[in-house]
Amino acid sequence: MLGHMTETARTDTADRASELLRLHTAPELLTVVNVWDVISATVVAGLPGTTALATASHSIAASRGYEDGENIPVAEMIEECRRIVAAVDLPVTADLEGGYGDAAETVRRAIGVGVVGANIEDQLKPLPEATAQVAAIMAAAAAEGVPDFVLNARTDAFVRAGDRDPAEVLADATERGRAYLEAGAPVVFVPGLLDEAQIAHLAEAFGPQRLTLIGVPGSVSLARVTELGVGRVSYGPWSQRVALTALAELVEAVQAGGGLPAGARALN
């Protein structure tokens, strides 16, 4: 909790939150390739052009032997976030799933280790309940001295769409996103494989730089989503999947009698 931190640490956390908020609201698209431990964080942070870091809850859970879906104990998730924050000099936003039973308290604990933004899933809870959760998170952040905390309020409308009519799903995502913005969230996260028309609709409904997306195979190009007014694109578990694919390909090459690929870099 910031109340137990030095004044310098408290100010640093608040300043990093303000910087993360500025990066989201700037006209330039914010891209964050998600990290899951200290070495992935330091590699990403050390590359030119990286301005902020985002953790991936799926990836952190996997690296510690847990299935995705709030199976990792919240203390372990917060501890990994603490280690990542301590290892870099950039703002860090954390994927905290649905909040592990108490989203506002989980965010408060995350702020205490220096996290300055968070993804929190709505899990398609009834809208009044989900909106109240957003307001409670922002109130907790303000109480901790971080009013610019970047809550990336996530709606699961698309990822839990099932066989619902796409127009109904889009309307649901729109209603939820607007409600979360009105409740104080600075940005809204709508994960899923959205097409250009859906992205354009949401970006217009929420306002410039208020919509954040996830990059998945087949996603609309970064250049185009920038033109549409999207604020941020992250990559969730896909960055870890890319890294593990490279590892699997090395194993396959070695087992076939080959060796290290050309261009391998010593990044640690």
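The values are calculated or read from the model by the stated rules, or taken from the named source; none is laboratory data. Just so it is clear, the model here is predicted, and its values are computed rather than measured. For neighbour counting, all protein chains shown are included, and Cβ atoms are generated from backbone atoms with ideal geometry for every residue, glycine included.
Sort through Leu194, Leu211 and tell me the only one that's within 14 Å of the chain's Cα centre (by Cα) and modelled with pLDDT of 95 or more.
Leu211
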- Query: Only one residue in Ala140, Ala167, Ala110 is surrounded by 15 or more Cβ atoms within 10 Å (Cβ to Cβ) and over 19 Å from Ala56 (Cα atoms). Which one?
  - Reply: Ala140
- So which residues in the range 73-95 are surrounded by 24 or more Cβ atoms within 10 Å (Cβ to Cβ) and small (Gly, Ala, Ser)? Ala94
- Of the residues Ala140, Ala167, Ala171, Ala130, which single one is touching a helix residue (DSSP H, G or I) at 6+ places or on another chain (Cβ under 8 Å), free of Cβ contacts under 8 Å to residues at least 40 places away in the same chain and small (Gly, Ala, Ser)? Ala140
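Conditions (1) part of a loop (DSSP other than H, G, I, E, B); (2) in contact (Cβ under 8 Å) with a residue 60 or more places away in the chain, marked per residue:
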position	(1), (2)
Thr11	no, no
Glu19	no, yes
Thr31	no, yes
Pro48	yes, no
Ala54	no, yes
Ser59	no, yes
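Let's see how each residue does on (1) closer than 30 Å to Glu204 by Cβ; (2) in contact with a Cys (Cβ under 6 Å, 6 or more places away or on another chain); (3) modelled with pLDDT under 95:
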{"residue": "Gly229", "(1), (2), (3)": "yes, no, no"}
{"residue": "Val233", "(1), (2), (3)": "yes, no, no"}
{"residue": "Gly236", "(1), (2), (3)": "yes, no, no"}
{"residue": "Arg241", "(1), (2), (3)": "no, no, no"}
{"residue": "Leu244", "(1), (2), (3)": "no, no, no"}
{"residue": "Ala248", "(1), (2), (3)": "no, no, no"}
{"residue": "Val251", "(1), (2), (3)": "no, no, no"}
{"residue": "Leu260", "(1), (2), (3)": "no, no, yes"}
{"residue": "Ala266", "(1), (2), (3)": "no, no, yes"}
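Do you know which residues across the range 185-211 are of a type in the set (A, V, I, L, M), within 25 Å of Ala139 (Cα to Cα) and buried (at least 19 other Cβ atoms within 10 Å of the Cβ)?
Within the range 185-211, Ala185, Val187, Val188, Val190, Leu211 meet the criteria.
The rows are residues; the columns are (1) touching a Gly at 6+ places or on another chain (Cβ under 8 Å); (2) surrounded by fewer than 16 Cβ atoms within 10 Å (Cβ to Cβ); (3) of a type outside the set (A, V, I, L, M); (4) not in a loop (DSSP other than H, G, I, E, B).
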position	(1), (2), (3), (4)
Asn71	no, yes, yes, no
Glu97	yes, no, yes, no
Tyr100	no, no, yes, no
Ile120	yes, no, no, yes
Pro128	no, yes, yes, yes
- Query: Inside the range 35-46, can you point out the residues that are touching a residue at least 60 places away in the same chain (Cβ under 8 Å), in contact with a helix residue (DSSP H, G or I) (Cβ under 7 Å, 6 or more places away or on another chain) and not in a loop (DSSP other than H, G, I, E, B)?
  - Reply: Val35, Thr42
- Query: In the range 145-160, what residues are farther than 15 Å from Pro126 by Cα and surrounded by fewer than 22 Cβ atoms within 10 Å (Cβ to Cβ)?
  - Reply: Gly145, Pro147, Asp148, Phe158, Val159
